[in-house]
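What follows is a set of notes on a single structure, which appears directly below.
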Amino acid sequence: MSEAVPARLRLLFTCRAKAALIYKQAGNLRTAQILLGHTKIETTVRYLGVEVEDTLALAEATEI
């Protein structure tokens, strides 16, 4: 296996971890989508493992 493969996996893991952290802290799924380069929000939801309960809790905590 070449040295580039482990480095690439580390980069992918770091990107995913950073996007997940931004989503968890800010609740901004769109930002995570842009960081990950996904065209569909559904892909980002699946990739980050967003739960319905998390989404509902965020919606309830948001005041308009």
*asked:* Just to be sure I understand, how many residues within region 17-57 are at pLDDT 80 or above and at positive phi?
replied: 2
*How many residues are in a helix (DSSP H, G or I) and closer than 12 Å to residue 16 by Cα if we restrict to region 32-44?*
6
*Looking only at region 22-40, count how many residues are more than 19 Å from residue 57 (Cα to Cα) and surrounded by 11 or more Cβ atoms within 10 Å (Cβ to Cβ).*
5
*Check region 6-16 and report whether any residue there is out of contact with any Gly (no Cβ under 7 Å at 6 or more places or on another chain) and modelled with pLDDT of 75 or more.*
yes
*What's the number of the condition residue 2 fails, among (1) part of a loop (DSSP other than H, G, I, E, B); (2) of a type in the set (S, T, N, Q); (3) at pLDDT 80 or above?*
(3)
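The values are calculated or read from the model by the stated rules, or taken from the named source; none is laboratory data. Please read all numbers here as calculations on a predicted model, not as lab measurements. FYI the Cβ positions are ideal-geometry reconstructions off the backbone, even for glycines, and counts take in every protein chain you see.
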